[in-house]
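The values are calculated or read from the model by the stated rules, or taken from the named source; none is laboratory data. Everything numeric in this text was worked out from a predicted model, so none of it was measured. Methodologically, a virtual Cβ is constructed for each residue, glycine included, from the backbone with ideal geometry; neighbour enumeration extends over all protein chains shown.
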Amino acid sequence: MIAVSELLEKERVSHAFTTSVSHKEKYGQYFTPYPIARFMSSLFPVTDKKIKLLDPGAGIGILSCSFMERIIKEKWNTPDIHISAYDIDSSVYPELKENLAIASSAFKNSDYEIFSEDFLEKTSFEYSWKTNETYTHVIMNPPYKKILTNSKERQLTRIFGLETVNLYSAFMGAAISLTEDNGYIVAIVPRSFCNGLYYKPFRDFILTNCSIKHIHLFESRDKAFKEEAVLQENIIIMLQKNTKQEDVRISYCNDDSFEGLIEFTVPFNQILYDDDKEKYFNIPTKKQVDKEKVINYSNLKDLNINVSTGPIVDFRIKHLLLKDFTDNSYPLVYSVHFKNYRFVWPQETKKPNAIMSSDEVKKQLFPKGYYVLVKRFSTKEEKKRVVAFLITPGDFANDQIAFENHLNVFHSDKTGLKRNIAYGLICWLNSTYIDEKFRLFSGHTQVNATDLRNLPYPNFEKLEQIGEKMQKEKIWEQQLFDSLVKEIIQ
């Protein structure tokens, strides 16, 4: 088996460097490094019962072989092992067949079958006729590829009762549907499903059908699949089919060496907050678990605060965009119009500074008042994901203003916020505390209005208190935000 692991890793690295990007993108194909596969296999509890293993998107067989390696090394008293490996890329079949044959030869009773059929198509058809095979174990690195609303993949996935937007979550949904009660699913997938509106049905699907047993996070965005140059924050998640939800094991490491691995257990309500209607999955660090929570958490609805995406989509109304402000126009706000958390307008940049008046534009304007803006996209180089800026009535060139689509806008029923509340939000949203909270459920640089609604907020009184203190300070910096927020966190 050691020879197989070395062979698999050599084949994987060769594939990473010699296979074209277009081929990988066509199949959503990124093979799992063997150390990661070995860790994934280690999560399964020992069993002395027959194992039926499903490996959808098997590639060259790395995941299945790593599981067989563990069983042999630890001398499990397993009477039989059966493997079903799926892949539609015919170029991997010779290696897949050879690797499974070598690995399974170490067992007295084992067999494997390789399916060249589309995993979703085959299992959806069999599932609808109740002729599908079921499995005790699933181990998977599913393909990553967006799927459109009217696509064949979306239609097939609906047969399992799942609505989703990516092939990886569709594969997971199918695999969960094929898993026997009390069976286990271990998958390495992008973290993107943990938050956001589009993946809520998938999170609901997981919570309805499984309990979450273990979540492992790679803290570096580019180390897990370093040969593939994949800039995606990945997690390994283990689920158990139709079992009671208990505490969840959390682990962290930086890369596939698993050096400095940190593990701890948390109550499930630290993964999914009790009052969270969006069902965001939070992945706390040990440091954050040990912290106490803010006094009197509130949500934006409690505070009578709304957050919306800026309504002006500039490329749709290019003919109305102006480099310079005129009498028959309104200021148009982009992220380039902010510096040191305040509004600096106009600016000499490639972006326009104003938008001409029209019936279409007038419906999308905001009246003079206090507003807090948060960029919808931060760069990978920025230290913080959530960055907030303030606009005051004194910043208005006339009585109304337009906000571009790449900004999130905090307002009160499309009017300005109360002054103290606006200043309080600037402090709260720019704090390290909130940046850490955001990173619990989000592994990407996009900040959506739904994400901002899902953050915790202090109550009205506390928000006003820090707002009053903020107005007395001329220079806004990280230390100020953190010190004021610290006063209301125990």
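I need a count of the residues in the range 48-83 that are part of a strand (DSSP E or B) and either hydrophobic (A, V, I, L, M, F, W, C) or buried (at least 21 other Cβ atoms within 10 Å of the Cβ) (or both).
Adding up the residues that qualify gives 7.
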Scope the range 164-206; condition under 12 Å from Glu278 (Cβ atoms) and of a type outside the set (Gly, Ala, Ser); matching residues: Cys194, Asn195, Leu197, Tyr198, Tyr199, Lys200, Pro201, Arg203, Asp204
Residues of the range 414-455 that turn out to be under 18 Å from Tyr297 (Cα atoms) and not in a helix (DSSP H, G or I), as a count: 4
Residue check, Ile139 assigned by TED's automatic domain parsing to the domain that holds Ala187, under 20 Å from Pro190 (Cα atoms), touching a residue at least 24 places away in the same chain (Cβ under 8 Å) and assigned to a strand (DSSP E or B): yes
Output for the range 138-176, where each listed residue is among the hydroxyl-bearing types (Ser, Thr, Tyr) and surrounded by 18 or more Cβ atoms within 10 Å (Cβ to Cβ): Tyr144, Thr157, Thr164, Tyr168, Ser169
Meets criteria (of a type in the set (A, V, I, L, M), under 17 Å from Asn141 (Cβ atoms) and buried (at least 19 other Cβ atoms within 10 Å of the Cβ)) for Val92: yes
Residue in the range 105-116 that is modelled with pLDDT under 95, of a type in the set (S, T, N, Q), more than 27 Å from Pro45 (Cβ to Cβ) and not in a loop (DSSP other than H, G, I, E, B) present: no
Test: residue in the range 411-427 that is of a type in the set (D, E, K, R), in contact (Cβ under 8 Å) with a residue 60 or more places away in the chain and farther than 30 Å from Asn234 by Cα: yes
Hits in the range 112-164 (condition: in contact with a Phe, Trp or Tyr (Cβ under 8 Å, 6 or more places away or on another chain) and of a type in the set (A, V, I, L, M)): Ile114, Leu120, Val138, Ile139, Met140, Ile159, Leu162
Flag for Gly394 being among the small types (Gly, Ala, Ser) and either in contact with a Leu (Cβ under 8 Å, 6 or more places away or on another chain) or under 18 Å from Pro311 (Cα atoms) (or both): no
Residue ranges of strands (runs of 3 or more DSSP E) in the range 241-344 with at least 1 members surrounded by fewer than 18 Cβ atoms within 10 Å (Cβ to Cβ), touching a residue at least 60 places away in the same chain (Cβ under 8 Å) and among the polar types (S, T, N, Q): 306-309
Condition broken by Glu121, with the remaining ones in (1) surrounded by fewer than 21 Cβ atoms within 10 Å (Cβ to Cβ); (2) within 23 Å of Asn242 (Cβ to Cβ); (3) modelled with pLDDT of 95 or more satisfied: (2)
Index of the failed condition, Ser128 passing every other in (1) under 18 Å from Phe31 (Cα atoms); (2) of a type in the set (Ser, Thr, Tyr); (3) at pLDDT below 95; (4) under 31 Å from the mean Cα position of the chain (by Cα): (1)
Val409 at pLDDT below 95, among the hydrophobic types (A, V, I, L, M, F, W, C) and either buried (at least 23 other Cβ atoms within 10 Å of the Cβ) or within 27 Å of the chain's Cα centre (by Cα) (or both): no
Considering residues of the range 177-195 that are part of a strand (DSSP E or B) and of a type in the set (S, T, N, Q) only, the residue surrounded by the fewest Cβ atoms within 10 Å (Cβ to Cβ): Asn182
Selection count, the range 92-127, where residues are free of Cβ contacts under 8 Å to residues at least 12 places away in the same chain and of a type in the set (Ser, Thr, Tyr): 1
When residues of the range 20-41 are limited to those that are among the polar types (S, T, N, Q), crowded, with 17+ Cβ neighbours inside 10 Å and not in a helix (DSSP H, G or I), the one modelled with the lowest pLDDT: Gln29
